[in-house]
Structure formats: structure tokens, C-alpha cells
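Notes to accompany the following structure.
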Amino acid sequence: MAGLFRQSLRRRSGSPGADGFVHRRYSLEQPGVGASLGRRRFGFIHHASYQPADGPAEPVAVKLFKGAVTSDGLPCSEMAAAIGADRHPSLIGVVGRVSGHPAGVSGLVMELISPDFKRLAGPPSFDSCTRDIYPADTRFDMATALHIAHNIAAAARHLHERGIMHGDLYGHNILHCGRGRALLGDFGAASFYHADGGALAQGLERLEVRAFGCLLEELLDRCDALPEYPETLELSTL
């Protein structure tokens with residue numbers, strides 16, 4: 001498994017992705033990157049502006065890890081998986097790695113997501129155990145629920161085609177705009193596997209499909225559509 005991880009890290013982090021995009025290293029000369037966008041268990045997210053040599057400044061988000069180990073695992077594992085995922089319309093895009101931070105911390109440079117996007121749900125509590133916590137007034141129309149489901153299914157399929165298990169496919173790792181578009185992020189629990197169609201690969205993928213099924217159930221529970229609506233049948237059979 002360690003050998004597989006090292007091969008994936010070398011193969012994915014320094015070479016063009018499926019669309020020819022090359023992930024870059026961003027040099028940070030100041031510990032204070034910019035306005036804070038939030039604090040999480042792993043560390044901090046900051047607003048930043050990157051000035052490439054051959055173009056206009058790019059607004060980005062910088063995710064800085066506060067320690068050598070996070071609640072999910074190693075920062076290097078998360079960065080390898082996030083970079084290995086390449087680009088997809090339903091993933092929070094990673095555009096580079098942080099290098100040269102004065103405090104020596106690791107970090108990812110990500111696309112800056114519009115503030116219109118909010119977390120789909122909060123993380124589980126001791127009472128809910130394995131289920132996310134949704135605000136009591138959360139409701140979706142069927143079209144919005146379908147868009148969210150299709151977006152996340154497409155993102156998960158994209159990852160599996162690259163031999164990556166997200167490992168934490170929950171509502172609290174999904175951002176949505178309220179109109180159906182959804183983005184999957186947070187690769188802290190992700191891992192690489194051989195996507196060769198063998199028994200192990202199929203078993204691992206079924207675990208993620210099971211998690212997706214739980215997400216579908218949560219969306220359906222918060223839909224206003226009646227059971228006889230065709231859209232409900234489509235969502236229930238995904």
C-alpha cells in the first residue's frame with residue numbers, strides 16, 4: 001500500500017492532468033496570506049491573490065495545515081489525493097501546492113469558490129452518530145435534489161476512474177449553491193487503490209456507493225415532491 005501511494009504521488013503531483021493542466025507550486029513569503037475564510041480541524045483557509053509571471057492576478061483560497069497530522073491523517077496524503085483527482089466540474093479544484101511558507105507548514109492552493117455556495121450539512125453529532133446534521137428547515141425541490149445527486153455521482157465516478165476513494169462522502173463535505181450545483185471537496189480521508197475491476201476494487205467502490213445511497217436518502221427525506229412524481233422515481237433508483 002505504501003508503494004502504491006508513493007507511485008501515485010510521483011505520477012500525479014508533477015505531471016499534466018487529464019486536461020493538460022499542470023499543478024503549480026505557490027511560494028508564500030508571508031505567514032499572513034490574507035483574509036480568513038474559516039477555521040477547521042485541519043487548520044485554516046485564507047483568501048489570497050497569486051500573481052503569475054505571464055498574466056493577471058488570480059484570486060485563490062489557501063488551505064494551510066496546522067500540524068504534521070490532522071484528524072483524518074497526514075497532510076501529504078490529502079494533498080496527493082486532491083492533486084491526483086485533477087479537474088472536474090463537481091470537485092473543488094486544486095491548482096497548486098504551497099511551498100516556502102516561513103513556518104514550514106504544508107498547504108494547498110484551491111479555486112476560490114463563490115460565497116453563494118454553502119455546506120450542504122453539518123458533521124455528525126454524538127446523537128446522530130454516523131449521519132450529518134441538517135438545519136431543521138432544510139428543504140429541496142426535486143429538481144435541485146436531482147442536480148445535487150447527479151453532480152456528486154459524477155464527481156465520485158471521476159475519482160474512481162483515477163483509482164481514488166474519497167472516503168468521506170458526506171453532506172458536510174459538499175458545497176451547494178441552493179439551485180442544484182454541488183461541489184465535492186475535502187480529501188482528508190481519501191486513498192489510492194488499483195482501479196482494475198478486481199474484487200478488492202469493486203468492494204471498495206461499493207463502500208462509496210453505500211455512502212452515496214445514504215446521501216440520496218437524506219436528500220429524499222428533505223424533498224417536497226410527492227412519491228408519485230417521476231423525478232422521485234428517478235432519484236430513488238440512482
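For this structure, a couple of remarks:
- Per residue, region 78-194 exposes 41 Å² of accessible surface when a 1.4 Å probe is rolled over the protein heavy atoms with every protein chain present.
- Karplus-based coupling profile of region 206-213, in residue order and whole Hz: 5, 4, 6, 4, 4, 5, 5, x, with θ = phi - 60° in 6.51 cos²θ - 1.76 cosθ + 1.60 and x standing for Gly or Pro.
- Which of Asp196, Asp86, Asp127 is most accessible, then next, and so on - probe 1.4 Å: Asp127, Asp196, Asp86
- His172 - accessible surface, heavy atoms, 1.4 Å probe, Å² rounded to 10: 30
- Compactness check for region 170-214: Cα Rg over 2.2 N^0.38 Å is 1.40.
- Region 55-130: C-alpha gyration tensor shape, a/c 1.5 cut-off, then a/b vs b/c: oblate
- Hz values of 3J(HN,Hα) by residue in region 89-94 - Karplus curve (6.51, -1.76, 1.60), Gly and Pro given as x: x, 10, 10, 6, x, 9
- Once both labels are positioned 7 Å from their Cα atoms along Cα-to-Cβ, the gap between Ile133 and Cys76 label points is 3.5 nm.
- For Val209, solvent-accessible area (1.4 Å; no DNA, RNA or ligand), Å²: 90
The values are calculated or read from the model by the stated rules, or taken from the named source; none is laboratory data. This is a predicted model, so every value here is computed, not measured. Virtual Cβ from ideal backbone geometry, glycine too; neighbours counted across all protein chains shown. Just so you know, the surface numbers come from the protein's heavy atoms only, side chains and all, with ligands and any DNA or RNA stripped out. Shrake-Rupley method; radii C 1.70, N 1.55, O 1.52, S 1.80 Å.
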